[in-house]
1. Give me a comma-separated list of calculated 3J(HN,Hα) values for the stretch 157-163, in order, Karplus coefficients 6.51, -1.76, 1.60 applied at θ = phi - 60°, integers in Hz, x for any Gly or Pro.
2. Run the numbers on the stretch 59-292 and let me know its relative contact order in percent, using alpha-carbon pairs under 8 Å that are six or more apart.
3. Students often check this: by mean Cβ neighbours within 10 Å, which of 277-283, 292-298, 128-134, 54-60 ranks highest, and how do the rest follow?
4. Under a plain spin-label model, where a point goes 7 Å from the Cα along Cα-to-Cβ, how far apart in nm are E67 and S341?
5. Using a basic spin-label model with each label point 7 Å from the Cα along Cα→Cβ, how many nm lie between K302 and Y331?
6. Pick out which of D141, D15, D208 has the largest mean-square fluctuation in a Gaussian network model of the chain, springs linking Cα atoms closer than 10 Å.
7. What length, rounded to one decimal in nm, is gained on full extension from K376 through to T291, with 0.36 nm per residue of separation minus their alpha-carbon distance?
8. Go ahead and run the numbers for FRET between T219 and A77, Cβ-Cβ distance against an R0 of 35 Å, rounding to 0.05.
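The values are calculated or read from the model by the stated rules, or taken from the named source; none is laboratory data. Small disclaimer: the values here were computed from a predicted structure and weren't measured. Heads up, the Cβs are rebuilt from the backbone with ideal geometry, glycines too, and the neighbour counts pull from every protein chain shown. Note: areas computed on protein heavy atoms with side chains; ligands, DNA, RNA excluded. Shrake-Rupley method; radii C 1.70, N 1.55, O 1.52, S 1.80 Å.
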Amino acid sequence: MYADYKSFLEKEISDIKEAGLYKNERIIVSPQSSEIKINSGQTVLNFCANNYLGLANNPELIQAAKEALDSHGYGMASVRFICGTSDLHKKMEKAVAEFFGTEDTILYAACFDANGGVFEPLLTENDAIISDSLNHASIIDGVRLCKAQRFRYENANMEDLKKQLQAAQSCKFRLIVTDGVFSMDGNVAPLDKIYELANEYNAMVMVDESHSAGVVGKTGRGVTEHYNLKGKIEIITGTLGKAFGGAIGGFTTGKKEIIEMLRQRSRPYLFSNSIPPLVAAAGIKMIEMMTATTTLQDKLHKNTEYFMEKMSKVGFDIKPTASAICAVMLYDAKLAQDFASKLLEEGIYVTGFYYPVVPKGLARIRVQLSAAHEIKHLDKAVTAFEKVGRDLGVLK
Ligand SMILES: *Cc1c(COP(=O)(O)O)cnc(C)c1O
């Protein structure tokens with residue numbers, strides 16, 4: 001059997017390559033940071049990590065993790081409900097709830113699991129999930145696992161959301177679900193309007209703060225802070241793999257009865273291992289740091305503003321945003337690819353995105369800002385963008 005299957009796979013893979021969609025992994029041999037070393041020996045400035053607050057290599061988090069290794073060991077070797085719950089897990093769950101102004105939190109191995117395990121235990125075929133068309137893959141998969149009726153609205157389109165809510169009025173319970181920040185354009189979901197419509201049409205709201213937690217809002221509490229809705233949203237999911245330290249882990253935080261039910265019925269929680277105590281310990285430290293001062297959040301906001309302003313001034317077409325994602329629009333797929341590889345020659349590591357990741361004709365380079373960047377890094381990036389932009393005829 002395998003001989004046939006092998007040639008089938010070989011053909012599929014070569015099709016992927018021919019379509020220019022094959023993903024090669026670049027190998028990094030230093031810690032994740034603003035400046036990284038890749039295995040070619042080149043040192044480059046990193047503008048494509050989700051390391052928004054620069055915590056992926058933060059000495060205080062590393063210290064907290066090391067101490068927990070000594071006090072709590074390496075792993076739990078159990079799911080939470082058997083013998084996998086340590087005091088650090090409980091403390092971390094409480095810290096996340098305090099940070100977002102919610103009632104309780106449940107931890108997962110990843111936000112992919114949080115989203116994969118949130119719908120099925122809460123909603124039945126009598127209910128409705130009304131989902132933004134650009135929501136993350138893990139939300140899409142989570143919705144697929146649930147029997148609720150599905151309604152989809154165009155990205156951030158409130159007219160369409162209203163229509164879908166009207167169509168879902170005969171259902172028993174309604175849940176609107178949206179990413180807080182959409183990763184391709186960096187646009188922030190209009191949560192204020194979503195919340196209004198939810199009230200008008202008797203629905204609950206879930207927001208995935210993966211790209212917005214630690215980033216959006218004056219103190220980094222995410223889109224619920226940005227729109228003054230702290231504590232009002234029923235369900236928030238998020239990751240510990242982006243601004244919140246960059247290691248691994250996810251969470252759902254919100255109304256306490258919802259969290260209680262997830263602990264009873266959520267399959268990725270019931271049937272998958274606890275996160276290592278050292279990750280919880282570093283997470284507790286991370287929340288402590290972000291609560292004590294907003295130094296990192298402030299620096300990220302300053303860096304983002306600085307970079308966006310310089311890039312617009314130089315003449316690039318930038319999507320406006322309150323996130324730390326800067327989409328530099330190039331429109332043409334080949335151009336985006338060439339642009340990114342020329343930037344790497346200049347020591348700037350960014351990724352070009354093109355169809356099917358973004359719609360045809362909307363290719364771009366996505367720049368992700370970080371509190372780990374210094375002004376000299378940002379200046380170097382803008383200078384490189386300008387040079388490559390002129391070389392490739394994007395700038396006149
Ligand atoms: C990154 C991301 C996830 C997945 O998070 P992991 O913890 O890496 O699984 C889920 N949702 C959104 C919106 C994301 O951006």
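1. Residue by residue, the stretch 157-163 yields 8, 6, 5, 5, 4, 4, 4 Hz.
2. About 32 percent, as a whole number.
3. 277-283, 128-134, 54-60, 292-298
4. 4.9
5. Once both label points are built, they end up 3.7 nm from each other.
6. Among D141, D15, D208, the largest mean-square fluctuation in the Gaussian network model of the chain belongs to D15.
7. 27.8 nm
8. Step by step, r from the Cβ atoms, then E = 0.40.
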